[in-house]
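Here is the structure we will look at.
Any read-out appearing in this document is the output of simple, stated calculations on the displayed coordinates, not a laboratory observation. Because the structure is predicted, anything quoted here is derived from the model rather than measured. So basically every Cβ, Gly included, is an ideal-geometry build from the backbone, and we count neighbours across all protein chains shown.
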Amino acid sequence: MTTDLVDFKPYYYMVLSYATISDDPLQADPNQFLAGRRNIKVYRAVPHKTEPENFGTALNSSYGSGPKLTRIEGRGNGGNVLEFTKETVDEILNNGISNNPTYMGGMGPVSVKVIDPVKVPNAKFELYFKERSSSNTTFLRDSMTANSYWVLVNKTTGDTLAGDTTLGTKFESLQGRNFEYPAKGKYRAFNNANPNVSLADWGLSIEITQVKNPGENAEADPSNSMVSWSVEWEDNGKQWLTAVIDNDAQSTATSGALWQNWIRSGTNGRGGTFDAHLHDFTDASGAALDPGQAYERIWNGRIAPYALTARAALNPTNGRNTYGFAWTSNGATDNPLSEVASIELVITKDRSKWTRCAVIEMSDDEVRNSNEGSIYKFSMRSGTSRDRNLNPQSGNTGLSWFPGYAINMETGERLNIAFSEDSYLGGENGRDMIWNPTDKVYNDNGNYPALGGKHFIYIFGTGLTMTNRAIKGERYYGEDDANFNRFRTGLANVPTGTLEKRRFLSQAMWVIPTYLAPGYDMANGVPPTDVKFKINIQKAYTSFNTGSTLNNNRPLYSFDAADIAPTVNKEVGKKSLDLVNVVPNPYRAYSEYENSPIDSRVKITNLPPTCTITVYDMAGNFIRKISKADEKTYYEWDLKNGNNVPISSGLYLIHVKAPGLGEKIVRWYGIMHAIDLDTY
């Protein structure tokens, strides 16, 4: 055992002492880092404005903000909420993918946080993950092992730091270490220009944790890796869209509207004979896929993973409408929950952002002979295709346009979308090949669910699906007709049991059974206003090929701290003179800056590094002249004149002159306390 593995640089607001740790510093348990008996002290800090520093310092970040990360390789988010920059979204819409997407500051896959906005350097950085041993496949993920650690390189100076712990420990590092641990042998020091450099010197902290994917820790984690969701309306006064709300009470075999229990999260049926059309879903071992019902809460039960969506019944009972919103294949193995990704779905009036898509027949088998073409459910619609302007496209069937787009926030890919129609419901726009739901829930006879014509939204993923993860999903390749051949094959007009349909629908990732809110109409197929859906899922860091091989497809990011580093500007310095002040003002024989009963003291604040302070009384008599030349932004005046004699009570003018910046005059009033000789 050793105690001298890491030489941590002291930090101004935190002091740590270390218990004995193992020879492998990456395996150190942070719970062993106990506070010592001799280093517990009280540290006082006085907040101050930074504009006067360096003759004009403008901060471009704040505590808790972060840089714009650009993904070079790999994927995963460590449980962080993701948001792309507008430029990245535009690139994805134009090209179908952004191999190197950029995330908004503080909303990237890794938590790089500003802890001292003044210290952030104007430098370029590279952050990558490194494994000490080969990855082992765990559950359904091929992710980085918990034995991995991060390495941060300051590309401007060449200085390098590594993580204090492995990815297996949730730990916000303020220091970093100046060595790495190679695959074999002892640790070795980085060849840094500054051997004592730390994250604190760069004003940054890093927190990276390897997480589990959805379904991999469901019994122990009630959130089941669900992080957050949001619905952002362009006009909050026009919330025109809704969807079928999951209703667990409708789960009995002989009564009720069984189709309302469409999200099969929970433990209903546990311990009994499993009924796929009544019970909540389980994996191959019988364990509940979502025992904590985390995925029944998205949009208050209106959005769910396809893996948890109720299956279609093979032998429906007329009048019960027992069909679900997913096909009959096994969602637990065909659509692994671990492959569900964070997405952004936008429904928009802007036709340039619309998505070419397949249209799926959604009429139940009990009315199949009355739908258009007698098409089986979950087959491609037989209606005439539509062009981007929603005009009929002769010579083609089954394709249309969805008024919006979907993006995988972890990979930077544009995703395929399909929407459904029930062509039996012609009166609910179910036979026109346009995504234009109505607000009707039941048809006129009151038995058959209309659900706005069943214009449901299906978002397809790009991960590995089916048993043994044998099928790779594909991103959106554009509007060319040839790009939809796999939709035609996968949605062929067959009743059940085809391998191609299983393979294709195994790529379905999210389901939204939408219809209109009461009182709205979109017969022309154009949404009334824009609306954006965001779903954030916790995903493990793993490999992803972007065309770069710098880190063997493992996570690698870059960022330019120039966007968040402070800038020095003389114009800021000139304006900062307006901040010059004297505190307290007025002075009433006491201030908290004083150290004893015979001490008199005020502070002249927000001063530049170099300036001249001259004090006059109201008659224009010279009182004192002070030359300041230090980095402090204040000067403590002991209320004495140039001859070290206490001043009298009265009104004074304090003139501050800074070379190259300008001048400032402050009026100050002081009431001096009487001399108490008993205190000497």
Gain in span if fully extended, Asn95 to Lys625, counting 0.36 nm per residue against the direct Cα distance
184.1 nm
Each residue of segment 208-224 in turn: what ³J(HN,Hα) in whole Hz from Karplus with 6.51, -1.76, 1.60 and θ = phi - 60°, glycine and Pro shown as x?
10, 9, 6, 10, 9, 7, x, x, 8, 9, 5, 5, 8, 10, x, 6, 6
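Taking each pair of distinct Cα atoms in segment 226-537 once, what is the resulting Kirkwood hydrodynamic radius in Å?
19.3
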Antiparallel as a % of all DSSP beta bridges within the chain, to the nearest 5?
95
Could you name the aspartates and glutamates in cross-link range of Lys570, using Cα to Cα under 19 Å and dropping any fewer than eight places away on the same chain?
Glu51, Glu53, Asp578, Asp630, Glu631, Glu663
I need Leu345, Leu653 ordered by Cβ neighbour count within 10 Å, fewest first.
Leu653, Leu345
Likely footprinting exposure, Ser342, Ser548, Ser576, fewest C-beta neighbours within 10 Å first:
Ser548, Ser342, Ser576
Specify the longest stretch of the chain that does not include any exposed loop site, a site being one of the GluC sites (Glu not before Pro) with a non-H, G, I, E, B DSSP assignment and at most 11 other Cβ atoms within 10 Å.
220-591
Footprinting exposure proxy for Ser223, Ser385 (fewest neighbouring C-beta atoms within 10 Å first)
Ser223, Ser385
Helix-only [θ] at 222 nm, the chain, -39500 (n - 2.57) per DSSP H run of 4+, per residue, nearest 500, equals -1500 deg cm²/dmol
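Quick check: convex hull of the Cα atoms in segment 193-342, volume per residue, rounded to a whole Å³?
184
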Need the full-extension length gain, Glu636 to Lys570, defined as separation in residues times 0.36 nm minus the C-alpha distance. One decimal, nm.
21.3 nm
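Assuming R0 = 22 Å, can you tell me the calculated FRET efficiency for the pair Arg270 and Asn217, based on Cβ-Cβ distance, to the nearest 0.05?
Efficiency for this residue pair is about 0.75.
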Charges on Cβ only, +1 for Lys and Arg, -1 for Asp and Glu, centred on the Cα centroid of the chain; of Thr85, Ser379, Trp150, which one is farthest towards the dipole's positive end?
Trp150
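What's the longest bit of the chain with no exposed trypsin sites (Lys or Arg not before Pro), using DSSP loop states and at most 10 other Cβ atoms within 10 Å as the test?
Details: sites that count: Arg37, Arg38, Lys41, Arg44, Lys184, Lys186.
With trypsin sites (Lys or Arg not before Pro) excluded where exposed in loops, the chain gives 187-680 as its longest stretch.
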From the gyration tensor of the Cα coordinates in segment 172-251, what semi-axes in whole Å does the equivalent ellipsoid have, largest first, with each one equal to sqrt(5λ)?
47, 22, 9
Set the Förster radius R0 to 30 Å, insert the Cβ-Cβ distance between His655 and Lys119 as r into 1/(1 + (r/R0)^6), and round the FRET efficiency to 0.05.
0.35
Cα-based Rg of segment 628-680 per 2.2 N^0.38 Å, rounded to two decimals?
1.46
Excluding same-chain residues fewer than 8 positions from Lys353, which aspartates and glutamates have a Cα within less than 12 Å of its Cα?
Asp90, Glu91, Glu479, Asp530
With point charges of +1 on the Cβ of Lys and Arg and -1 on the Cβ of Asp and Glu, referenced to the Cα centre of segment 293-438, which listed residue (Gly427, Ile303, Ile347) lies farthest in the positive direction of the dipole?
Ile347
In µm²/s, what is D for segment 592-680 at 10 °C and 1.306 mPa s, where D = kT/(6 pi eta Rh) by Stokes-Einstein and Rh is the Kirkwood radius from Cα pairs?
113
Computed from the beta carbon distance with a Förster radius of 45 Å, FRET efficiency for Asn300 and Lys155 to the nearest 0.05 stands at 0.45
For segment 516-670, the convex hull over Cα atoms projects on average to an area in nm² of 22.5
What is the list of residues in segment 464-487 whose amide nitrogen lies under 16 Å from a point 7 angstrom out from the Cα of Ala284, following Cα to Cβ?
464-471
Say the cut-off is 31 Å between C-alpha atoms; which of Lys119/Lys603; Lys68/Lys657; Lys68/Lys534; Lys349/Lys454; Lys532/Lys575; Lys119/Lys186 go over it?
Lys68/Lys657; Lys532/Lys575; Lys119/Lys186
Please state the Cα pair-distance histogram of segment 482-543 with 5 angstrom bins from zero: what percent is in each bin?
3, 10, 14, 13, 13, 18, 18, 9, 2, 0
Bridge orientation stat for segment 570-679 from DSSP, antiparallel percent rounded to 5, came to 95
Treating each Cα of the chain as an identical point scatterer and ignoring solvent, apply the Debye formula and state log10 I(q)/I(0) at q = 0.10 Å⁻¹.
-0.97
Residue by residue through segment 491-498, which ³J(HN,Hα) values in whole Hz follow from phi under the Karplus form 6.51 cos²θ - 1.76 cosθ + 1.60 (θ = phi - 60°), with glycine and proline marked x?
10, 4, 7, 10, x, 8, x, 8
Please list 3J(HN,Hα) in residue order for segment 95-109, calculated via the Karplus relation 6.51 cos²θ - 1.76 cosθ + 1.60 where θ = phi - 60°; whole Hz, with x for glycine and proline.
10, x, 6, 10, 5, 10, x, 10, 9, 4, x, x, 10, x, x
